[in-house]
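Take a look at the structure set out below.
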């Protein structure tokens, strides 16, 4: 991810039995924290704060964000501090945190339930590794396991970006996947015919997962993963790209639009995702300023993804 904020796909089930859990052993029970999401923007702030409090991941269930943390010495004091952190992060006094206890279970198995292959387009199927995917004739299958790295086909923003990628991409193109997470977009682009894709993320764990995924999908020759923060200065030394993919928060996307335009060849394309319905007008108008022309909007639920092309004067 480009910054420390949690992205939409970070709303993935916690995995307390993960090998990176506390080194003093898996506890018999976990402290459960639950809070109303309120809105997509507030939800992002809440997820970021919960992760900072020690959560391994955050799950969204019927409008509530739920996570599990190792049991603190003083649960009530921890919950009071957590509630203060959430209120300060969101600027909302009415944020109410509820808590309880969850006996330890085999989360590494439970979080797989309900996950399976997804047919994104006629040419693209995404599947976790434990499933055997049936793909339409001529389609490519991309294997991505859910985990701590942002990017599976379980969220609307990723699916929207994949659908528009299938329409925007021409074989042989050179692309940038900015804030690549699991590298699902970069890998899909390579499997669909991109010649070279630079997948960049500032999170070293995401980069590690992305490199593993390039190996699993056989695209190490065409997808390069780089651990870096995508900033205007970083972009100034890159390109020109034929296309850029960016599935991150609107607050990060908009300040990068001019730099994205400078890093693209004339007539190049840009796919922006991670944008809520209420943010869409602001983002699309901002994209027009450096010369991007909207080609298509993909809408799913409350999320919007845009395919833009750089105007040639």
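Read-outs throughout are calculated quantities, based only on the coordinates presented, and are distinct from any laboratory measurement. Here the structure is a predicted model, which is why all the values come from computation and not from measurement. Ideal geometry is used to build each Cβ from the backbone, glycine not excepted, and the neighbour counts take in all protein chains shown.
For the reader, a short list of remarks on this structure follows.
- Residues of the range 169-187 with amide N under 19 Å of a point placed 7 Å along Cα→Cβ from residue 293: 169-170
- Spin-label model, residue 52/residue 226: points 7 Å from Cα along the beta carbon direction are separated by 2.9 nm.
- Theoretical FRET efficiency, 1/(1+(r/R0)^6), r = Cβ-Cβ of residue 166 and residue 29, R0 35 Å, to 0.05: 0.20
- Distance (nanometres) between label positions extended 7 Å along Cα→Cβ at residue 312 and residue 98: 5.8 nm
- Taking a ≥ b ≥ c as the square roots of the eigenvalues of the Cα gyration tensor, an a/c ratio below 1.5 marks the range 155-310 as rounded.
- Averaging the Cα positions of each part gives two centres, and for the range 228-303 and the range 159-224 these lie 16 Å apart.
- Each residue, residue 302 and residue 60, gets one label point 7 Å from its Cα in the Cβ direction; the gap between the two is 0.7 nm.
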